[in-house]
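The values are calculated or read from the model by the stated rules, or taken from the named source; none is laboratory data. All of these numbers come straight from a predicted model, not from anything done at the bench. Glycine also receives a Cβ, built like all others from the backbone with ideal geometry; neighbour counts cover every protein chain displayed. To get the accessible areas, we keep the full protein, side chains included, count just its heavy atoms, and leave off ligands, DNA and RNA. Shrake-Rupley method; radii C 1.70, N 1.55, O 1.52, S 1.80 Å.
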Amino acid sequence: PDDATAAALAIRAGLDVELPSTGTYWAIEEAIARGMLSEDDVRRAARRVLRQKLELGLLDDGWAVAADTRADLDPPRNREIARRVAEESVVLLANDGVLPLGADRRVAVIGPVWADVRSFMGCYSFPNHVMAKSGTETGLEIRGLDEALAAELGTVTFTAGTGFMDGTDEDLAAAVEAASAAEVALVTVGDIAGMFGDGTSGEGCDAVDLRLPGGQGELVEAVLATGTPTVLVLVTGRPYAVGEYADRCAAVVQAFMPGVEGADALAGVLTGAINPSGRLPIGLPAHHGGQPGTYLAAPLAWFSNGI
């Protein structure tokens, strides 16, 4: 019913530290005054915390935070695992023969995903959870989709068309112009992870419905309206409803935040260097008011739901 009661219950249950910030533990003094908690309960919790700090040397004279410069947080073996996971997780949902792409076509790469490598990772990844708070640096080397595609294809133009959450009419017009001049349009849409409204996906970034975020749906419609064969590339943290576009796309590729090696995995699938072997863990809804279905869904859930 109140913070004092919650604090008493938590400390007696053995929760010695409240993280990430103090909420109910401000009411510890009140809990003692009301007889719900004893001073011995608080001393026991404090003693356990202090004992651990002593064992770790954190209370020694002269102790200071020091980074272990010997640690390699991005070793080649980890990269190899990340690459393999990314390559095996990309899902080819549809293809009318436009894929694989070759260097003999004029390709326009459109959408916010190619322009920001952080879209490959979730909200608790180091680049998004830590580095994004201090600017655009990622803290480790991550190859972009633009670089990966440019290395494999011939004439490629790049334009965002929109941001993940907002955009301008001028950006949209530039994307339409680029798509109209191309033989194939690659539309890369999806999520940028963040926390509590700082992104389109992640902790505290729930969605009202399953439309593509911001103006990305409008971007897809505008590119499709040009008549240029369109490959829809989804790099997302959740399944979005793409039924209104799917039948008009020449191909549809889904990647669920493929990680630091995601660019080369996507480029490999799009150019045929990688045979896509990924399978959907969940169905993509046909309409934005639907719900993602799994094999456990009731039969009625599939009517007008999946694409």
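Out of every Cα-Cα pair that the stretch 109-171 contains, those further apart than 18 angstrom amount to 45 percent.
Of all the options Asp166, Asp72, Asp16, the one that moves most in a Gaussian network model of the chain with Cα springs shorter than 10 angstrom is Asp16. Between the stretch 1-69 and the stretch 147-208, the C-alpha centres lie 46 angstrom from each other. Under a 5 Å amide H cut-off, with hydrogens placed 1.01 Å from N, Leu284 pairs with Ile307 among residues at least 5 apart or on other chains. When the chain is treated as a GNM with alpha-carbon contacts under 10 Å, the residue of Leu93, Leu280, Leu56 showing the greatest mean-square fluctuation is Leu56.
Over the stretch 44-201, all Cα pairs binned in 10 Å intervals from 0 give whole-percent P(r) values of 9, 26, 28, 19, 8, 6, 4, 0, listed from short to long. A 1.4 Å probe run over the chain, with the rest of the protein chains in place, finds 54 Å² accessible per residue. From a point 7 Å beyond the Cα of Arg34 in the direction of its Cβ, which residues of the stretch 1-15 have a backbone N at a distance under 17 Å? Under 17 Å, as judged by backbone N against the label point of Arg34, lie 1-13 of the stretch 1-15.
Across the stretch 251-257, rounded Karplus estimates of 3J(HN,Hα) from the backbone phi angles (6.51 cos²θ - 1.76 cosθ + 1.60, θ = phi - 60°) give 7, 9, 10, 10, 10, 8, 6 Hz, Gly and Pro being marked x. For the stretch 136-237, what class follows from the C-alpha gyration tensor (a ≥ b ≥ c being the square roots of its eigenvalues): rounded when a/c is under 1.5, otherwise prolate if a/b is larger than b/c, else oblate? Judged from the Cα gyration tensor, the stretch 136-237 comes out oblate (a/c at least 1.5, b/c at or above a/b). For the stretch 215-262, the equivalent ellipsoid derived from the Cα gyration tensor has semi-axes of 21, 11, 10 Å, listed largest first. Shape class of the stretch 35-132 from the Cα gyration tensor (axes a ≥ b ≥ c, square roots of the eigenvalues): prolate, since a/c reaches 1.5 or more and a/b is larger than b/c.
Shape class of the stretch 198-290 from the alpha-carbon gyration tensor: oblate, with a/c at 1.5 or above and b/c at least as large as a/b.
Among Thr200, Thr159, Thr168, the largest mean-square fluctuation in a Gaussian network model of the chain, built with springs joining Cα atoms closer than 10 Å, belongs to Thr168. Note on the stretch 154-200: Cα-only Rg and Dmax are 12.9, 40 Å.
Peptides 231-240, 40-49 ordered by packing proxy, namely the average of other Cβ atoms within 10 Å per residue, highest first: 231-240, 40-49. Of the DSSP H helices in the chain, those that are both long (alpha-carbon extent of 15 Å or more along the helix axis) and hydrophobic (Kyte-Doolittle mean at least -0.5) are 169-180. Sequentially through the stretch 104-117, phi angles give Karplus couplings (6.51, -1.76, 1.60; θ = phi - 60°) of 8, 10, 7, 10, 9, 9, 10, x, x, 5, 4, 8, 9, 5 Hz, Gly and Pro residues having no value and appearing as x.
With contributions of -39500 (n - 2.57) from each DSSP H run of at least four residues, the per-residue ellipticity at 222 nm computed over the chain stands at -9000 deg cm²/dmol. Once the Cβ-Cβ distance of Ala6 and Lys53 is raised to the sixth power relative to R0 = 41 Å, the FRET efficiency obtained is 0.95. Karplus-derived 3J(HN,Hα) values for the stretch 126-132, using 6.51 cos²θ - 1.76 cosθ + 1.60 with θ = phi - 60°, are 4, x, 8, 7, 10, 5, 4 Hz; glycine and proline are entered as x. Size descriptors for the chain, from the alpha-carbon set: Rg then Dmax equal 24.8, 79 Å.
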